[in-house]
Every structure is written in structure tokens, then in C-alpha cells.
1. Would you mind checking the pairs LYS34/LYS111; LYS77/LYS111; LYS34/LYS114 and listing those with alpha carbons more than 19 angstrom apart?
2. Once amide H atoms are placed 1.01 Å from N in the peptide plane, what residues at a sequence separation of 5 or more from VAL56, or on another chain, have their amide H within under 5 Å of its amide H?
3. Whole percent per 5 Å bin, from 0 to the bin with the longest distance: what is P(r) over all C-alpha pairs of the range 10-141?
4. May I ask you to compute the full-extension gain from THR143 to ASP130, defined as 0.36 nm times their residue separation minus their alpha-carbon distance, rounded to one decimal in nm?
5. Highest first, please rank the peptides 61-73, 129-141, 93-105 by the mean number of other Cβ atoms sitting within 10 Å of their residues.
Amino acid sequence: MSDLPSTVPEHKAGYILAGIPHAAELKLTVVELKAGEAVCKVPYAEHLIGNPDTRVIHGGVITALLDNTCGIAVGTKTRLQGQIATLDLRIDYMKPATPDQDILAFAECYKVTKNIAFVRGVAYHTDRNDPIATCAAAFMLGTKSQRGANVPGGG
């Protein structure tokens, strides 16, 4: 996996998100990739506001950002892009997002078994240590015409 760049060329980022219309609608972009890790971003936009009085981005946008970022992290660890599915996603919201600021998410795939990958992540503005939300997730592996994962050593 050492051939993954730390920053993602624009043409590669589009490929990673191809076929995910919701991510495209949110203008979600891949910012950084490493084996087992991903950083993605959703830019602040008026149509994503959940409360017009506070101008805070809707929590569902943060959920989608974390879910996609976690899935991408699994893909960089297993090379199964497009062959994974979210089994479980627990999100703890720490504070509302700040109006007029982009939201970033970092995710790390820290354990892969034959059929499941485990991920943790954080949504934030500028500092991962000051989270908007944190998450723990599990993803099913090998969801396209395969039984179980086809990760090296798995079967």
C-alpha cells in the first residue's frame, strides 16, 4: 500500500467517489490518502444548512461525510473500493459545526478481519483535537459477487 500518495490528484479523487451521487451533491472531496487512512472535506454551503436561525450545517451532512470517509479508509486498507458496505456507524456529536466553515473528516481503518473492517473517525474544522463529532464504524467486505473478503490472507 505504500504507493498511495499523501495528497490525492484531482483525477484520482473523482474516481474514488464515482458512483456516489450523495457525495457529489455534498461536493465531498478527498483531501488526503494513506494506507488505512483518509481525509475528506465538505465545503460550507447554504443549501446544507439544517437550521436557518443558526446557519449550522445539518447533522446528516456530517453523518454522510464520516460514513464516506470511513469507507474510503477501508478501501485504502483493503483495496476493495466499491466492494464494501456500512454495517454499523455510531456517531457522537460534540458540538455544532461553525457556520461559514468547511468541515473535514479523518478516518482510520485500524482492524480488518475476513469479513469486517473496523474504523474510527472524527469530523472537525481545523483541529482534529477539537471535534464536531466522532464515530466508530464497521464495514462488510467483499459485497460484489464474492463471499467474504478477498483481502490478502483472508478468504
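Bear in mind these aren't lab numbers, they're just calculated from the coordinates by the rules spelled out. What you are looking at is a predicted structure, and each value in this text was computed from that prediction instead of being measured. In this analysis, Cβ positions are derived from the backbone assuming ideal geometry, glycine residues included, and neighbour counts consider all displayed protein chains.
1. On the way: LYS34/LYS111 15 Å; LYS77/LYS111 9 Å; LYS34/LYS114 21 Å.
Too far apart for the 19 Å limit: LYS34/LYS114.
2. The list, which skips near neighbours in sequence, is GLY50, ASN51.
3. Histogram of Cα-Cα distances, whole percents per bin: 2, 12, 23, 24, 20, 12, 5, 2, 0, 0.
4. Numbers: separation 13, 0.36 × 13 = 4.68 nm, distance 3.47 nm.
Here the segment from THR143 to ASP130 would lengthen by 1.2 nm.
5. On the way: 61-73: 25.1, 129-141: 19.0, 93-105: 17.1.
Most protected by this proxy first, the peptides run 61-73, 129-141, 93-105.
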